[in-house]
Every structure is written in C-alpha cells, then in structure tokens.
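The values are calculated or read from the model by the stated rules, or taken from the named source; none is laboratory data. What you see is a predicted model, and the numbers here were worked out from it, not measured in a lab. Reconstructed Cβ throughout: ideal geometry from the backbone, glycine too, with neighbour counts over all protein chains shown. Protein only, heavy atoms only, side chains kept; ligands, DNA and RNA dropped before computing areas. Shrake-Rupley method; radii C 1.70, N 1.55, O 1.52, S 1.80 Å.
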Amino acid sequence: MIKEILARIKQGYRTLPFPFEKIKLSERYKGYPKLDFSNLKESEIEELLSVCPNSCIYKDAGKINLDLGNCTFCAICEKKLPQAVKFSKDWSMAFSSREDLILSQDTKKKSYVLREEIRKLFGRSLRLRQVSAGGCNACEADCNVLGTPAFDMGRFGIQFVASPRHADGILITGPVSENMYTALIKTYRAVPDPKIAIAVGACAIGGGIYRNLPKVKGISEEINIDLYIPGCPPNPITILDALLRFIGRIK
Amino acid sequence: MKDFITGNLEEIEFLDRDVFVKRLSGELSLGAGVLSYFSVKYKEGIKLFVFLLKKSGEIEFFSCKADSKMPSLTPFYPQLHLFEREISEKTGIIFEGHPLPNPVRYENGLTASSGSYFKVQGNEIHEVAVGPVHAGVIEPGHFRFQCLGENVFHLQIELGYQHRGIENAVISVDKKRMLPMIETAAGDTSIGHAWTYAKITEALCEVQISKRASFLRGAALELERLANHIGDLGALSGDVAYLPTANFCGRIRGEILNITALLCGNRFGRNFIIPGGVEYDVDDKLIKEIMSRLDSAYEDAVSAISLLWERKTVLDRFEKTGIVSLEKALKLRLVGPAGRASGIDCDLRKIFKSEPYEDFESEPLTLNGDVFSRAYIRWMEIKKSYKLIKNWLSRLPQGEITLEIGPFKKNSFALALTEGWRGEICHVCFTDDKGEISFYKIKDPSFHNWQGLAMALRNAQISDFPLCNKSFNLSYCGHDL
Ligand code: SF4
Ligand code: SF4
C-alpha cells in the first residue's frame, strides 16, 4: 500500500482547473475560425471554394459559407488563404442547431441556448450511452478521457453508462454506417423518455471525412439532435465544455 | 532493407490457377506470412494477388486468374481465413473447404446476425450474444460465446458494423480526400496509416524524403505507440480493479496525445504526415518543450506502471489468463505486440531497419502469450519508444521537411509496410496507364489479430473477456474499413 501512496503523492492532483479557469491548448491547436472574405480576388475565391477536402466551403445565394459541422480543422484553407480563414485558439464550441454551424463572414459566434427543461431534468445528473457508428474511434477516445482524473466529468454528475435503459440520452459519434443504422435507432428507442441526443464530431454531424460515401447513411430523422459538438475529433475540453453548457453548469 | 517495394505491374508473375495455389501453399509451409492477399476485378475477369513476407525478410508476390471456385487453403494455413472470406465477399468466388465462409464486413445489406455461427450443443450449454452496441464507450462488434457455466468453449467474433467503404472511396473521390480518409482507417493509428500511405506515394514517384522528415515521422509514430500502450496498461489495470495505475495512466496517455498536438495541433497526429515529408516543422524551443514534457510524462508512467508488476492482485489476474500459445499464434500469424507476446519475433522495425530505424534492436523475450505477456511487452516497448524519440529529437538533422511529389509511375504497383503500435500495417496500391491510383488495399494489423482474441478465450472464463479484449485492444474500424 505504501508504494501506492507514494505514487499518488508523486503523481499529484491533476484535475484541470476547468471550468473555473480558462485552459490554454497547444500553440498549433485550431479552434473556432474567424472569416473574412471581403478582400478576396475572384481567383482567390475560386481557390477557396475548391480547396477543402470535405467541401465545407461553398457559395450559397452569393454568400460564402463555411460549414463548421463538417470541418475537420485541417487548416488547409487557412494555409492557402490566411487572409480569409484564421483559426483561433477558442475551443468552446457547443451549438443547439445545425444552422448555427454554418458560418459566414458576418456570423457572430452563436452560443448554446440553454433549455430550461434540460437544466431542470439533467442539470445535476446526466447519464449517457455512447453509440459509435462507423467513425474512426478517435471521437470515442476523446469522450472516454473525460472519465480520467484530468477532466473528471463525474464531478459534474455526467457519466457514460453501459445500457441505454439506464441512460438519459445517447451521444453519437461516427457518420452512421449502413450496418449501424438500425442498431443506432434501436439503442435510441431503448432510452426512456424524456431523452436527448448529442452529435459529437464532424462525422456524426454531417458525415465529415466520409461525407456522401455510399456506405454512409447519417443519423436517422427519428433522432432529434439537441447538441452539436464539432471537431475531428473535438478536443476533450470542447466536449466537456459543451456538455456543461448543455446542462446549464456553464453559462 | 526497404520497407516498401514498387515495380511495373507486369513484374508481378502471372501464374496458372493451380500453380498459384501450389506456390502459395509451398511458401506458407516454409513459414512465409501473408502481407496482403486480395482480388482485383478486370474486364477479362478476376485476378488474385498475394504478397508474402518470407522468413528471410524478402517480399515475394505473384498472381493468377481466379476461377469461380478455388480450393480453400485455410484448413492448412489458418492465417488465410479472413483473406479468403474477404475475397469471397467481394467477388463471389467460393473457397471450397473454408470452415466458416461468412462475409467479413457484411457489405451487401446483410447483418452479422445473418452469418452462420458455430454452435456447441448439450444440455447445459448456453450461448451469450453481445453487441453490436456493447460495454462502454467502444466501437460496435458482435461476440458470441458458447459456454458451459463460466467456461467458454468457443467465441465467434463477427464485425463489419464500422464498414464505411474507405478502400472503394479513396479511388473514387477527389484526390484531396484521400489522405484524410486513410488517416482515419483507424483513428488511433492515424500516424501509422498516414506514414504507410506516404511511403506508397513516395515509392510511386521515387522520392526519398529528408532525414529530418523521417526523424520527425518516427517521433510521431513512437508517440502514437506510447500513448496507446500507456492507455491500454491503464485500462487493463482498471479491468482488474486496480485503480491507482488505471487513473494515472489515463491521464498520462492524454498528456502524450497533447505532446503530439504540439507537433500539429491534433491529438491524434492528423495532418502531420503528408506525401513528401511532414506538414509542420519544429524549432529548438518546441523541441525543448516536447522533450521536457515527454520526460515528465515518462517519469510518471514509470511510477504508475511499475506498480503493476509488484501487485499480487494484478499479477494473479494477468498471469495464465487468455493464453495464446506460440503454435496457435504462428498459425494465425499474429502480428505486433500480440504476436511478440506469444513468442514470435515479428517487428518490422527490426526486420527492415528502414530509416529512421537503422539502429533498432529488440531482444526476444520469453513470454507465454497470456494477458501478462501482452501487458508486459507493452511496457518494454514504452521504454524503447521513449528512448527512440529522445534520440531522434536530440540529433535532428537539418533539411527540407517536404519535398515535391511528382506524377506517379504508370501501370505500377507499390506496397508499403509500417510497424504501427498494433503491428504490421500494409498498404498496396496500383496505378493505371495515366499514373492515377486505380486500386488501393489497406490492411490494419487487427485483421490478423482478432482471431487471436477468440483463441485467447478458449477454455477461459467468460468474465475474463474484457481483460483479454483489452490486452489485444484491436481496432474495429481498422478491420471494417
Ligand atoms: S479546416 Fe475545415 S474548412 Fe478548412 S479545409 Fe479543412 S475541413 Fe475544410
Ligand atoms: S469526426 Fe473525425 S475523429 Fe471523429 S470519428 Fe469522424 S473521422 Fe474520426
């Protein structure tokens, strides 16, 4: 036992001060982007529209949009046209609707709109069944670490559970492969009402890297998504921040 | 020796079907391992290609035109079982005599429940079916146990739920989507797969990357190994309810991922390796930061992991649990740490010593293929990876980090290998008469090792499944693609 105690002393107290202090991520971290398309030449606009591997940058009614939902934060666009796209260090990204993820140059960052009934129901205790559906397992990994001492989401009453019957909702990762389509719906149905659903990562939100592949079906319309957390994968701190906003622990 | 080969497609010997089968079984009987074995559809019909790693370290390859029926070699060389099933699923070729010709990925609208299952019968036999949605935060898979009480006679693993069609996609989608898709073949092996793909592209246009780039790639790959091994030792410790190491390692793994993020901003090393080199350079300040954070993470890892080998409660659960004998491991050709834990000397870093692994040495260990072995080998590798990274970063040569990638050679093939943290990653690529990629085959090490897990469960207790599973920690998405 003495060795365990010594090791514990050596390892120290390692839970991050979040949400009481802002966390600084690595220099090269890419967070919420700032956009400015105003000074682009015609040729640069064309380049911008064709550069993204996931076709996240597109023109709609004469306006250039960036779909943060499908963005993998690869920063290829930033590298090509730094004057147009600049990724900030802001890792806080939680959105209540899919439209909030479509950014244009004059979009002000939308903050998550807290729903009073969610705070009342789940504000002190939220149990989630994670369903992995056709992704690459990195989103899952970054959800998993929320249980480690560094993030310790248990202290906020949030926990992953094994059975959907014990859960208040599901947290979906992956683009939903054909072979997981039914299993995902069944898992969702197994969660007792009232229930919520959360989409984590570009794949789950819009297909991400696997967008429009024939074997990828996307989340069924039956499942209503209450919270979107973009990234590929989102940094764990982004996920934790989003969950805490969702249940009203951070305003 | 180089860990890739390339040549004109015509250099691949084209044999008669019967000669092919004979030659393949001949090579396998001499101890060759299958790196890749696949079918390609041509207008004239289906061709089979096989790439073997001979005991001498040479790579041998040949092909044949397939018949609608082929004799299955699986009963004699079980390492072929998934390869044959895969070919069968993709082409409809029947391998006569295959003991379980289920689909691999249930690509054609079938589900795992439509596969056939081995059944043990008897009064008190019961069957336990788990998944696809199973356990905790984990990928989907289906597991069926045939049990007598707590004892498992047989475990059958059917996967395919993560199938998203990467191999077909990479040749049909826009070229710029290729690298990101391959990086996510298995998200926890992004560096391994990206490097293998990069080797293919470099082989196809005969570019030799700078020493600086290869040292940086090496550092990233070893960081990936460190993160996963440390994380798995923590998880194993959690599975036997020894919480100190479980908690410490969970955090330390995260710290290693954060060190990877220092390199490229992404914890899984996405966008770091690109064809021709690496995307991001490091300066002295960054090297210093990486080194000092790595030192302290390593120190923490030593203190956390050392506890495991001293605790009777841990050792009692690890030792003699889930044994895969050397004989079985060889037959299935387990790769990576799982293979080495059963006593196979199979590390591509050691076999090829390709840059930057020229000085790589590893002493064979006497391990017996139990959970303890699969855990202990990780510990040995953690120590090695740490030294490698320190060594490379402390003598990082100057040079361009990226070189221009030219047009690919026409009508050519390339095969590249990388020792990822789970073992042998193998990609094969063909180009057409315009030098465009016309075929791409990915093999994650998990493809070899899943059956190893099934073997580990033979005559084990069903309650040991989580522990055995974690000791392999195989990739579902890497298998399903
Ligand atoms: S950072 Fe996002 S928008 Fe930019 S190229 Fe990458 S995926 Fe596209
Ligand atoms: S969003 Fe990215 S990290 Fe997450 S599962 Fe999809 S590919 Fe993997």
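Amide H to amide H distances under 5 Å link B:SER438 with B:PHE430, B:THR431, B:ASP432, where only residues 5 or more positions off or on other chains count and H is placed in the peptide plane. Give the residues of the stretch B:311-343 whose amide nitrogen is closer than 20 Å to a point set 7 Å from the Cα of B:THR366 in the direction of its Cβ. Counting only backbone N, you get B:319-321, B:323-330, B:339-343.
When DSSP beta bridges are restricted to pairs lying wholly in the protein assembly as shown, around 75% turn out antiparallel. For the peptide B:278-286, the mean number of other protein chain Cβ atoms found within 10 angstrom of a residue's Cβ is 1. Where a ≥ b ≥ c are the square roots of the eigenvalues of the C-alpha gyration tensor, would you call the protein assembly as shown rounded, which needs a/c under 1.5, or, failing that, prolate if a/b is larger than b/c, or oblate? Rounded, because the longest to shortest axis ratio a/c is under 1.5.
Put one equal scatterer on each alpha carbon of chain B, apply the Debye formula with no solvent term, and list log10 I(q)/I(0) at q = 0.06 1/Å to two decimals. Debye output, listed in q order: -0.26. Take the Cβ atoms of A:ARG98 and A:LEU49, set R0 to 22 Å, and the FRET efficiency comes out at 0.55.
Which of the peptides B:21-31, B:118-128 is most tightly packed, and how do the rest follow, going by the mean number of other Cβ atoms within 10 Å of each residue?
B:21-31, B:118-128
Under 24 Å of direct C-alpha separation, and excluding same-chain neighbours fewer than eight residues apart, B:LYS312 reaches these lysines: A:LYS3, A:LYS10, B:LYS320, B:LYS383, B:LYS470.
Debye calculation, C-alpha points only, no solvent: report log10 I(q)/I(0) for the stretch B:4-104 at q = 0.11, 0.19, 0.22 Å⁻¹, in the same order as the q values. Treating every Cα as an identical point scatterer, log10 I(q)/I(0) equals -0.30, -0.93, -1.25. Comparing A:ILE198, A:ILE23, A:ILE172 in a Gaussian network model of chain A where C-alpha atoms under 10 Å apart are linked, the largest mean-square fluctuation is found at A:ILE23.
Shielding by partners for peptide A:141-153, expressed as the average number of C-beta atoms from other protein chains within 10 Å of each residue's C-beta, is 5. By the helix-only formula, in which each DSSP H run with n ≥ 4 contributes -39500 (n - 2.57) and the sum is divided by residues, chain A has a 222 nm mean residue ellipticity of -7500 deg cm²/dmol. Cut-off 10 angstrom, C-alpha nodes, Gaussian network model of chain A. Which of A:CYS71, A:CYS56, A:CYS136 fluctuates the most? Looking only at A:CYS71, A:CYS56, A:CYS136, the largest GNM fluctuation is found for A:CYS136. Label the stretch B:58-190 by shape, choosing from rounded, prolate and oblate, from the square roots a ≥ b ≥ c of the eigenvalues of the Cα gyration tensor; if a/c is under 1.5 it is rounded, and otherwise prolate applies when a/b is larger than b/c, oblate when it is not. The shape class here is oblate. Here the scattering of the stretch B:320-474 is modelled by Debye summation over its C-alpha atoms, one equal scatterer each and no solvent; at q = 0.18 Å⁻¹ the log10 of I(q)/I(0) is -1.06. By the compact-protein rule of thumb, 2.2 N^0.38 Å, the alpha-carbon radius of gyration of the stretch A:116-246 corresponds to a ratio of 0.98. Under the classification rounded if a/c is under 1.5, otherwise prolate if a/b is larger than b/c and oblate if not, where does the stretch B:242-393 fall, given a ≥ b ≥ c as square roots of the Cα gyration tensor eigenvalues? Cα axes put the stretch B:242-393 in the oblate bin. Counting only other chain Cβ atoms within 10 Å of each residue's Cβ, the peptide B:181-192 averages 4. Computed over the stretch A:116-246, relative contact order equals 28 percent, with contacts defined as Cα pairs under 8 Å that lie 6+ residues apart. Remark: chain B carries 36 Å² of accessible area per residue (probe radius 1.4 Å; ligands, DNA and RNA excluded).
As an exercise, identify the GluC sites (Glu not before Pro) in the stretch B:325-390 lying in DSSP coil whose Cβ has no more than 16 other Cβ atoms within 10 Å.
B:GLU358, B:GLU361
As a length-normalised measure over Cα pairs under 8 Å and 6 or more apart, the relative contact order of the stretch B:4-104 settles at 24 percent.
Qualifying GluC sites (Glu not before Pro) in the stretch B:193-223, where qualification requires a DSSP coil assignment and no more than 12 other C-beta atoms within 10 Å, comprise B:GLU206. Once C-alpha pairs closer than 8 Å and six or more residues apart are averaged by separation and normalised to the residue number of chain B, the relative contact order reads 20 percent. Which aspartates and glutamates, if any, have their Cα less than 18 Å from the Cα of B:LYS211, not counting same-chain residues under 8 positions apart? Reachable aspartates and glutamates: B:ASP3, B:GLU202, B:GLU222, B:GLU279, B:ASP281, B:ASP283, B:ASP284, B:GLU355, B:GLU358, B:ASP359, B:GLU400, B:GLU404. Name the lysines eligible as straight-distance cross-link partners of A:LYS22: C-alpha to C-alpha under 17 Å, and not fewer than 8 places from it in the same chain. Leaving aside lysines fewer than 8 places away in the same chain, those within reach of A:LYS22 are A:LYS30, A:LYS89, A:LYS251.
So what's the stretch B:386-481 giving for Rg/Rh, alpha carbon basis, Kirkwood Rh from the mean inverse pair distance?
Values: Rg = 19.6 Å, Rh = 17.1 Å.
Result for the stretch B:386-481 is an Rg/Rh of 1.15.
The portion of the accessible surface of the protein assembly as shown made up by carbon and sulfur, rounded to a whole percent, is 52 (1.4 Å probe; DNA, RNA and ligands excluded). Distance from a point 7 Å along Cα→Cβ of B:ARG395 to each backbone N in the stretch B:189-223: keep the residues under 20 Å and list them by number. The answer is B:209-223, whose backbone nitrogens lie closer than 20 Å to the label point. Pairs of lysines in the stretch A:116-246 whose Cα atoms sit within less than 26 Å of one another amount to 5, provided the residues are eight or more positions apart or on different chains.
Accessible surface area normalised per residue over the stretch A:116-246 is 32 Å², counting heavy atoms of protein chains with a 1.4 Å rolling probe.
Chain A against chain B buries an accessible area of about 4600 Å², both chains summed, 1.4 Å probe radius. Here is the list for the stretch B:384-481: GluC sites (Glu not before Pro) lying in DSSP coil, each with at most 15 other C-beta atoms within 10 angstrom of its C-beta, are B:GLU400, B:GLU404, B:GLU436.
In the structure shown, do any of B:LYS65/B:LYS199; B:LYS288/B:LYS384; B:LYS353/B:LYS384; B:LYS55/B:LYS331; B:LYS2/B:LYS331 have a Cα-Cα gap over 18 Å, and if so which? From the list (B:LYS65/B:LYS199; B:LYS288/B:LYS384; B:LYS353/B:LYS384; B:LYS55/B:LYS331; B:LYS2/B:LYS331), the Cα-Cα distance tops 18 Å for B:LYS65/B:LYS199; B:LYS288/B:LYS384; B:LYS2/B:LYS331.
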